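Just below is one structure, and these are the notes that go with it.
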Amino acid sequence: MTGPNPRPRLSVVALDCPDAEALVRFYSELTGWPVAADSEDDWWELVAEGPVTIACQVVDGYRAPVWPSQEHPQQVHLDFDVPDLDAGEAFVLGIGATKAGVQPGETFRVYLDPVGHPFCLVLAK
């Protein structure tokens with residue numbers, strides 16, 4: 001007997017935040033993916049080009065992660081491949097990201113989105 005594959009497939013990475021619309025618009029600008037037309041006040045989602053998308057959800061009392069400290073640790077971060085780290089950095093800083101104070105590698109750089117989630121630009125191989 002054959003049927004649909006029962007293995008789960010990752011479809012959405014949801015980020016907690018105080019303002020879902022503002023954060024999803026940041027990630028829309030970063031990725032070039034449009035904002036889903038059916039987004040709601042507390043859940044905004046992008047229309048991805050692949051099988052996994054990014055959503056932003058409002059959480060009351062949101063506290064930004066502190067990276068690299070574990071005081072209020074990151075629970076997830078996103079990695080984005082870029083062909084040139086300097087050009088990628090100029091782009092993400094221009095749309096509202098900030099460069100993290102700690103940069104632990106040479107082939108990637110760490111940034112914070114407008115509400116403090118860390119993400120990395122990784123030199124594409």
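Data for the structure
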read-out	value
Among G32, G101, G61: highest mean-square fluctuation, GNM of the chain, C-alpha pairs under 10 Å	G61
Rh by Kirkwood over Cα pairs, then Stokes-Einstein D for the range 9-60 at 1.567 mPa s and 4 °C, µm²/s	121 µm²/s
Rounded if a/c under 1.5, otherwise prolate or oblate - the range 44-125, Cα gyration tensor axes	oblate
For the chain, built as a Gaussian network whose Cα springs stay under 10 Å, the top-fluctuating residue of T31, T53, T107	T107
From phi via Karplus (6.51, -1.76, 1.60), per-residue ³J(HN,Hα) for the range 10-27 in Hz, x at Gly/Pro	5, 10, 9, 10, 9, 10, 6, 6, x, 9, 5, 4, 4, 5, 5, 5, 4, 5
Net charge of Cβ neighbours under 15 Å - reference G50; Lys, Arg +1; Asp, Glu -1	-3
Amide H contacts of T53 (H built 1.01 Å from N, under 5 Å, at least 5 apart or other chain)	V12, V13
The chain: relative contact order in percent, alpha carbon pairs under 8 Å with at least 6 residues between	23 percent
Residue exposure sequence - L46, L78 - by fewest surrounding Cβ within 10 Å	L78, L46
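The numbers here are math on the coordinates, done by the rules we state, and not lab data. Small disclaimer: the values here were computed from a predicted structure and weren't measured. Using ideal geometry, Cβ is built from the backbone for each residue, glycine included, and neighbour counts are taken over all protein chains shown.
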